[in-house]
Amino acid sequence: MSKPTPNSSRLADPMLDGLISEAETIISRTPATSLTRRSFLKLTGVAGGGLALAISLSPQGFAQSGTNGGLAQLNAFVRIAPDGKIYIYAVNPELGQGVKTTLPMIVAEELDARWDDVVVEQAPIDPVYGSQSAGNSRSVYSTWDPLRQAGAAARALLVAAAAQRWNVSPASLRTENSRVIKADGQSLSYGELVVAAASMEVPAEIELKDRSEYRLLGRRVGGVDNLALVTGQPLFGIDQRLPGMLYASYVRCPQFGGVARSANLDEILQMPGIADAFILEERGNATHLRSGVAIVGYSTWSVIRARRELQVDWDTSNASRLSWSESQAQAKRLAVQQGQEVVVEKGAVDAAFASARATAEGLYTYPYLSHAPLEPQNCTAWYRDGHMEIWAPTQRPNTGEVETVTGIPAASVTLHQTRVGGGFGRRQNNGYVCEAAAIAQRVNAPVKLTWTREEDMQNDYYRPGGFHAMKGAVDAQGRLSAWQDHFITFNFQGRSVNGGTLPASEFPALNLDNVRVTSTALDMGTPCLWWRAPGANGFAWVIQSFLHELAVAAGRDHREFLLEVMGERRWLDPGNANSLNTGRAIDLINLATEKAGWGESLPEGHALGLAFHFCHLGHAAHVVEVSVDANRKVSVHKVVVAADVGPIVNLSGAENQVHGCVIDALSTLAGLEITFENGVAQQSNFHNYQLLRMASAPPVIEAHFIQSDFPPTGLGEMAFPPMIPAVCNAIYAATGHRIRTLPLSREGFTV
């Protein structure tokens, strides 16, 4: 466990800060082999009059839902003060997805805490918590059982303390609204019991609530930061202020892989407000610290102004030459043949095409995309006395990368998690954190590095573009009989990129008898990274649009055709509870179409589009109502979303996530694209990468949830992919025009 510097305040609560400091001292003196569950729980109760409870499951324990295995490891902290305040510590980064509220709600439910008594704090970054990243929509899924056990174990201790005081059996007591209650109605608050509870042993068996007993989960609960957000409180990384702080800009080659050979540093150093300027060489690898020029000054404006005068001699001999126009031309040539690699091939594909009643084929193209978070990349770092302290809006807090870049041992790096102003996968890469740390190592003061919007967009780790040469067939009965896809994707330095690999299990490959999916990878020279609903954000559009093409070719109703492809109710990958479940899919398609009035009359010029997708352990179906005027202006009137992600924890947060996915997907569909020429992104800011405006947002978005008994999963990604194909299918139904190139602006449509 890393020791903070004397001037570092890791928590807003000094009581817990002191508790953890004392616990650190005890742990540092205790051999790991002798740190038992009992001793660990006791040492975390050392703060005077307060109960600090640590509960976790071992990695093996995550698969042992409902057991007591692995309770010796830390996962979530609960502290109850004598005044009755209940502090619950959120361990995952909050980037707008709501986990700072949702995860503590899980603990509070099992604790039977009154939500008004709860104070939520962002936990310090510390190995004792295990993984503290946010991504892949797994925050709730991966912490559901550990957090429930944390709350239930704390409740059991409080009940035991009350039973001891009253000299009754714990089984005769119940809990509600932060109180332990006797059969005769007499009660004690958790604050009154906390001192005694702190000295008691955690029961060997912890009883978890049944869903029917939930009082908090499933309700609408506002975000714990809402008041601070609307009143402009400093929550984000970009809000960070420290005494004597300097400001920095870091300039990289516009072509990825370019190296700084020299720059007009003497001229920059003479500019007003500039404290230092220097070249940094690449360290670790290019995703850690790229070669570039640092400019440090006394204000953000000073360094931005100096940056505009900076002249760098770049060595681009090994830099990216990526060209989107050349990639498109190459893909068109490759589309007429099979791919270099077989992803899946089964059945008699050619025979099915030969006997088909009807076929359809076409080349689908989707572009590169930027993450474009509204808070650009930034980080504040302070190096002093051999210790590095960092404040970062990151999705993946990691001190090991700072060690790689600076040589400072990870144990001497303290990283503070700030709220994140949008991530979407971009902040899984900590290059901006490494840049700030490397600059701070050279400067005798705290330094805040801030990227400009242009830097953020032109130095992104993009969503890769892709091409799908599709061909399908329907038989004499109008059933889908053959499916063929040549996926033309991209590699970076010989390795597949995220979102650039089509799984053999991707729907509908496992549903059909005759399938041929191949792929060919083009080298791009520019790295890509996770982008909201990786892979699925492009695959769903292609697959669900092409299924609609085939339904039209067969003369079939799209809902009927799609349900037929699902087949019988089953796990598509037998024995894998994390695979697509056709029963859940069927129920959602029926729910979404029922709520949207599928088959009913619509206003003149209006049409419905349907799409379904499974990803990130979640199932979702969308039905979209659109109209298209004579100028190809698309109006989205209503969006109906049906989702199954297991039991909903926070209904308000779930609805927010669905609405955010719908708006983000429509924005992406309308006009977003990053094009490259000679390795340089041609878009630089929101004037030529235009996000959806409020006037174009759907006036009605309905979110319907099937609260099944499956483990709860995330909503931040899986409700995104079906939106784009649903709109495109509705456009076809309204106009007869098939969208095969994204964004819509490429085919003459506006939103």
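The values are calculated or read from the model by the stated rules, or taken from the named source; none is laboratory data. If you're wondering where the values come from, they're calculated on a predicted model, not measured in any experiment. Note: ideal-geometry Cβ built from the backbone for every residue, glycine included; neighbour counts use all protein chains shown. Calculation scope for accessible area: heavy atoms of the full protein, side chains included, ligands and nucleic acids excluded. Shrake-Rupley method; radii C 1.70, N 1.55, O 1.52, S 1.80 Å.
Pairs of Lys residues in the chain are counted when their Cα atoms are under 28 angstrom apart and they lie 8 or more places apart or on different chains; the count is 19. Solvent-accessible area assigned to carbon and sulfur over the chain amounts to 48 percent, based on a 1.4 Å probe. As a length-normalised measure over Cα pairs under 8 Å and 6 or more apart, the relative contact order of the chain settles at 13 percent. For segment 140-206, applying the loop criterion from DSSP together with a ceiling of 13 other beta carbons within 10 Å to the trypsin sites (Lys or Arg not before Pro) yields no site. Sparsely packed loop sites in segment 511-576 (the GluC sites (Glu not before Pro) outside DSSP H, G, I, E and B with at most 15 other Cβ atoms within 10 Å) comprise Glu568. Overall, the anisotropy analysis places segment 595-751 in the oblate class: the square-rooted eigenvalues a ≥ b ≥ c of its C-alpha gyration tensor yield a/c not less than 1.5, with a/b not exceeding b/c. Qualifying trypsin sites (Lys or Arg not before Pro) in segment 609-702, where qualification requires a DSSP coil assignment and no more than 13 other C-beta atoms within 10 Å, comprise Arg693.
The alpha carbons of the chain give a radius of gyration and a Dmax of 27.8, 83 Å, in that order. Sorted largest first, the spans of the alpha carbon positions of segment 390-543 along the three principal axes are 77, 30, 29 Å. The mean accessible area for residues of segment 135-176, using a 1.4 Å probe and ignoring ligands and nucleic acids, is 38 Å² per residue.
Summarising the strand pairing of the chain, around 75 percent of its internal DSSP beta bridges are antiparallel. Note on segment 523-625: Rg/Rh from Cα positions, Kirkwood definition for Rh, rounded to two decimals, is 1.03.
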